[in-house]
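Structure, as structure tokens:
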Amino acid sequence: MKKNKILSLIMAMVMVCILAINVQGVASAADDQECVDGSYLTHDESSEVTVGAMSRGIYLKSGSSTITKAGPGMIAAGGNTVGQKTVSKITVVVRVERLVNGRWGEYTSWTTTNYNSIYVSSSKTLSVPTGYYYRVYCTHYANSDVSGSYTDGIYI
């Protein structure tokens, strides 16, 4: 059991690195936007990203992260996880991150899990300090499969 958990964590870290490398490759096409740790810094109203199944995954189909301006000093943040089929446990961990001194740091987070399901989704509307970039970083679990997704940063 412990060996499987370590393997799952290693796979999650590999997927995050692959995602960061892929997004960095796209960043060079948009020289006018700053990119920090895989996320463009924008003044857009919202950002959403969906990632497909991890290679060799048999339970996880896709996962999404989303962030939207919801008014002055307000954001709507969330994510979802979709399984290939009904799984015993499907989870989305939603992390709202804030850019401070050039680094993304966790502002708040929450976890939502469904059992014997193919889908889980969670979102919240939050009051946040203005004058910062925010992004959503989600980790998606379907049984033993793990993947991650993150949005671009939007200025609030």
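Summing +1 for each Lys or Arg and -1 for each Asp or Glu among the other residues whose beta-carbon sits under 12 angstrom from that of Glu97 gives +1. The gain in end-to-end length when the Ala76 to Glu48 segment is fully stretched comes to 8.9 nm, 0.36 nm per residue minus the alpha carbon separation. Expressed as a whole percent, the accessible area of region 46-156 that falls on carbon and sulfur atoms is 45 (1.4 Å probe). Per-peptide packing, taken as the mean over residues of other Cβ atoms within 10 Å, places 74-84, 90-100 in the sequence 74-84, 90-100 from highest down. Residues whose amide H comes within less than 5 Å of that of Asp152, counting only those at least five positions distant or on another chain, are Glu48 (H built at 1.01 Å from N in the peptide plane). Gyration tensor analysis over the Cα atoms of region 68-143 returns equivalent ellipsoid semi-axes of 28, 13, 8 Å (largest first, whole Å).
For region 78-152, averaging the sequence separation of C-alpha pairs within contact (under 8 Å, six or more residues apart) and dividing by the residue count gives a relative contact order of 38 percent.
Of all aspartates and glutamates in the structure, those lying under 17 Å Cα to Cα from Lys124, and not within fewer than 8 positions of it along the same chain, are Glu45, Glu48, Glu97, Glu106.
The values are calculated or read from the model by the stated rules, or taken from the named source; none is laboratory data. These figures come from a predicted structure and were not determined experimentally. In this analysis, Cβ positions are derived from the backbone assuming ideal geometry, glycine residues included, and neighbour counts consider all displayed protein chains. Side chains are part of the model used for accessible areas, which takes the heavy atoms of the whole protein and leaves out ligands, DNA and RNA. Shrake-Rupley method; radii C 1.70, N 1.55, O 1.52, S 1.80 Å.
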